[in-house]
1. Pairs under 7 Å by beta carbon, first residue free of Cβ contacts under 8 Å to residues at least 40 places away in the same chain in the range 13-36, partner of a type in the set (S, T, N, Q) and surrounded by 15 or more Cβ atoms within 10 Å (Cβ to Cβ), six or more apart or different chains?
2. Do we have any residue at all in the range 84-92 that's small (Gly, Ala, Ser), in contact with a Leu (Cβ under 7 Å, 6 or more places away or on another chain), under 23 Å from PHE25 (Cβ atoms) and assigned to a helix (DSSP H, G or I)?
3. Going through the range 143-158 one residue at a time, which ones are surrounded by fewer than 12 Cβ atoms within 10 Å (Cβ to Cβ) and among the aliphatic types (A, V, I, L, M)?
4. Anything in the range 119-142 that is in a helix (DSSP H, G or I) and exposed (fewer than 14 other Cβ atoms within 10 Å of the Cβ)? List them, or say none.
5. For a quick check of your reading of the model, give me the residue pairs whose first member lies in the range 81-102 and is closer than 11 Å to ILE63 by Cα and surrounded by 14 or more Cβ atoms within 10 Å (Cβ to Cβ), whose second is at pLDDT below 95 and among the β-branched types (Val, Ile, Thr), with beta-carbon atoms closer than 9 Å and at least 6 apart or on different chains.
6. Of (1) without any contact (Cβ under 8 Å) to a residue 24 or more places away in the chain; (2) more than 23 Å from THR8 (Cα to Cα); (3) of a type in the set (S, T, N, Q), SER127 satisfies all except one. Which?
7. Identify the residue in the range 49-80 that is among the aliphatic types (A, V, I, L, M) and outside any helix (DSSP H, G or I) and, among all such residues, is surrounded by the fewest Cβ atoms within 10 Å (Cβ to Cβ).
Amino acid sequence: MPKRYHVTVIIAHWLIAILVMVALFMGSNVLTEMDNTDPEKINSLRGHMIAGIVIGVLSLYRIVMRFTASRPAHAETGNALLDKLGVIAHSVLNLLVVLMVASGIGLALQSGLPAVVFGGEGSLPASFDEFAPRAAHGLLSKALMGLIVLHIAGAFFHQFVLKDKLLSRMGIGKTN
């Protein structure tokens, strides 16, 4: 059993992490504050949508690799409940990312965003709140933010309390 994940899985993980944080920040703090009549909103939406597409592709790649490539054993804490919760949290984290991408695609398609943002045709709707995927996208973003905080806390717990060099599995530091 390998001590690290495949190098492409590590790269995908860190790219997804960065892009998800940027997309969550943009969606929660920038896009929600901009009026839909502001011409700059289209540029911001373009970046947000491109990030979402890249996140989706990389996430699907990671999911495929999860079932096809060898990987390290699940990290253990010495507590069966925490170990099980860690496995569940990783699965839910992947699921939330995929659902965020899917709800974003649904919102984009229902509101005609591809034509406006990438084709320069038409204008943004007065509000995105009238589209059902918007509510899901917002709720999923809050759940994803919370789970990301728990994921980071768990990684730090392993690294600094258990001192099991967990981060080396994702390319940070030596494995032994």
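1. MET26/SER44; VAL30/SER44; LEU31/SER44; MET34/SER44
2. Checked the range 84-92: at least one residue is small (Gly, Ala, Ser), in contact with a Leu (Cβ under 7 Å, 6 or more places away or on another chain), under 23 Å from PHE25 (Cβ atoms) and assigned to a helix (DSSP H, G or I).
3. Scanning the range 143-158 gives VAL149, ILE152, ALA153.
4. Within the range 119-142, the first condition is being in a helix (DSSP H, G or I), and the residues that meet it are 119, 132-142.
The answer is GLY119, ALA132, ALA135, LEU139, LYS142.
5. Note: pairs meeting the criteria are ASN94/ILE63; VAL98/ILE63.
6. Every listed condition holds for SER127 apart from (1).
7. ALA73
The values are calculated or read from the model by the stated rules, or taken from the named source; none is laboratory data. Please read all numbers here as calculations on a predicted model, not as lab measurements. Cβ coordinates were reconstructed from backbone atoms using ideal geometry, including for glycine residues, and neighbour counts include every protein chain displayed.
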